[in-house]
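What follows is a short report on a single structure.
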Amino acid sequence: MAGAPGRGTLEKDKPPILGLIQRGGQVVMRMLANVQQKTIQPIIEAAVIKGARVHTDEYDIYARLPVWGYRHVTVCHARGEYARDDDGFCEIHVNTMEGTWSLLRSWLRPHRGISQEKLPLYLGFFEFVHNARRRGKALLGALV
């Protein structure tokens, strides 16, 4: 994919993608028209149950999660923080989603660039295969 490093925009030919994943569970990926709270709110509300604890980095787009009814905890990558264990039970990190981004990039790389019009289809297929991963050989049946 072309484009400069950093947050993506449609104009820079690096469309922004919102990714949500439950640890050990399902993934949701959506290409966004823009990176605004009003754009991500309906996607989050459709995929995440109210009251759930949501882990993010400190990007300000997530600041309204508590107002929307979610428990919100963050890690601060700018301070070199990538995981924190506040309660001795559940680490706060976004490594599950970071790993999924890595898998997506590796999966898209052989395609050598995808048009913005087709990217949602690729994301949907990647999401389906990821979410069906526990089916093993039954994936073919799920596709049919």
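The values are calculated or read from the model by the stated rules, or taken from the named source; none is laboratory data. Quick caveat, the model's predicted, so the values are computed rather than measured. Cβ coordinates were reconstructed from backbone atoms using ideal geometry, including for glycine residues, and neighbour counts include every protein chain displayed. Quick note on the areas: whole protein, heavy atoms, side chains included, nothing else; ligands and nucleic acids left out. Shrake-Rupley method; radii C 1.70, N 1.55, O 1.52, S 1.80 Å.
The listed residues are 61, 40, and the only one of them that is outside any loop (DSSP other than H, G, I, E, B), modelled with pLDDT of 90 or more and more than 25 Å from residue 115 (Cα to Cα) turns out to be 61.
Which count do you get for residues in the range 43-72 that are hydroxyl-bearing (Ser, Thr, Tyr), closer than 17 Å to residue 29 by Cβ and in contact with a Gly (Cβ under 9 Å, 6 or more places away or on another chain)? Of the residues in the range 43-72, 0 are hydroxyl-bearing (Ser, Thr, Tyr), closer than 17 Å to residue 29 by Cβ and in contact with a Gly (Cβ under 9 Å, 6 or more places away or on another chain). Can you find a residue that is surrounded by fewer than 15 Cβ atoms within 10 Å (Cβ to Cβ), at pLDDT 95 or above and part of a loop (DSSP other than H, G, I, E, B) anywhere in the range 68-83? Within the range 68-83 (the criterion being surrounded by fewer than 15 Cβ atoms within 10 Å (Cβ to Cβ), at pLDDT 95 or above and part of a loop (DSSP other than H, G, I, E, B)), the answer is yes, since at least one residue qualifies. From the list 58, 81, 91, the lone residue that is under 17 Å from the mean Cα position of the chain (by Cα) and of a type outside the set (Ser, Thr, Tyr) is 58.
Among the residues of the range 107-133, just one is exposed (fewer than 14 other Cβ atoms within 10 Å of the Cβ) and hydroxyl-bearing (Ser, Thr, Tyr), namely 115.
Out of all the residues in the range 33-42, is one or more farther than 17 Å from residue 120 by Cα and either open to solvent by less than 30 Å² (accessible area, probe 1.4 Å) or in contact with a Ser or Thr (Cβ under 8 Å, 6 or more places away or on another chain) (or both)? No, the conditions are met nowhere in the range 33-42.
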